[in-house]
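The structure appears right after this line, and notes come after that.
Derivation of every value follows stated rules applied to the coordinates shown; laboratory data play no part. Source: prediction; values computed, not measured. Methodologically, a virtual Cβ is constructed for each residue, glycine included, from the backbone with ideal geometry; neighbour enumeration extends over all protein chains shown.
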Amino acid sequence: MKIYEDSNFFIESEKSEIPWLKIFTQVEYKELSDLPRELRLKLFELYDIVEVEMIDYFSPDKINMASFANMLVRVHVHVMARYKNDSYFPNPMWGEKQREAKLELPSFELFYKKLQKKLEGFN
């Protein structure tokens, strides 16, 4: 589900038990160093907004940031709110499942709306 889009970036949600967003560049750059410097700075500004809003809204134990881009060869950053009792913690979400979790978290949909409002005029 697309949460946000401007001329340089878009943000999608990843279906998961945890809050998990992915920030993509509109242009399919292969490596972070391929982005013009100004766009790299904008990417991290956008990441910072997402992380701060995620912490404020969900109160996770930790935020994970990941950027592998081995399967989808384009610059994108995963932002994940992690909990000590989520199904995979302390492993990465791509790792071995540790338990069956039943997290009681605030509405993801309300968070997306809050984030959209925060990002108005970002570009």
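Scanning for something within 17 Å of ASN123 (Cα to Cα) and under 17 Å from the mean Cα position of the chain (by Cα), does the stretch 87-104 turn up at least one residue? No: the stretch 87-104 contains no residue that is within 17 Å of ASN123 (Cα to Cα) and under 17 Å from the mean Cα position of the chain (by Cα).
Within the stretch 19-57, track down each residue that is part of a strand (DSSP E or B) and either in contact with a helix residue (DSSP H, G or I) (Cβ under 6 Å, 6 or more places away or on another chain) or within 22 Å of PRO92 (Cβ to Cβ) (or both). Those that are part of a strand (DSSP E or B) and either in contact with a helix residue (DSSP H, G or I) (Cβ under 6 Å, 6 or more places away or on another chain) or within 22 Å of PRO92 (Cβ to Cβ) (or both): TRP20, LEU21, LYS22, ILE23, PHE24. Residues that are closer than 22 Å to GLU104 by Cβ and among the hydrophobic types (A, V, I, L, M, F, W, C): does the stretch 21-41 have at least one? Within the stretch 21-41, one or more residues are closer than 22 Å to GLU104 by Cβ and among the hydrophobic types (A, V, I, L, M, F, W, C).
Restricting attention to the stretch 17-67 and to residues that are under 21 Å from LYS2 (Cβ atoms) and small (Gly, Ala, Ser), the residue that is nearest to the chain's Cα centre (by Cα) turns out to be ALA66.
Close Cβ contacts (under 9 Å, 6 or more residues apart or on different chains) running from residues in the stretch 5-32 that are small (Gly, Ala, Ser) to residues that are part of a strand (DSSP E or B) comprise SER13/LYS2; SER13/ILE3; SER13/TRP20; SER13/LEU21; SER13/LYS22; SER16/MET80. Scanning the stretch 1-26 for residues that are surrounded by 14 or more Cβ atoms within 10 Å (Cβ to Cβ) and hydrophobic (A, V, I, L, M, F, W, C) gives ILE3, PHE9, PHE10, ILE11, ILE18, TRP20, LEU21, ILE23, PHE24. Looking across the stretch 91-100, just one residue is under 17 Å from VAL79 (Cβ atoms) and free of Cβ contacts under 8 Å to residues at least 12 places away in the same chain, and that is TRP94. Determine the pairs where a residue that is over 19 Å from GLU45 (Cα atoms), located within the stretch 101-123, has a partner that is among the hydroxyl-bearing types (Ser, Thr, Tyr) with Cβ atoms under 8 Å apart, the partner being 6 or more residues away or on another chain. What qualifies is ALA101/TYR83; ALA101/SER87; LEU103/TYR83; PRO106/TYR57; PHE108/SER13.
No other residue among GLU51, GLU14, GLU45 is among the charged types (D, E, K, R) and touching a His at 6+ places or on another chain (Cβ under 9 Å) apart from GLU14.
If you go through the stretch 1-18 one residue at a time, how many are part of a strand (DSSP E or B), basic (Lys, Arg) and within 15 Å of MET80 (Cα to Cα)? Result for the stretch 1-18: 0.
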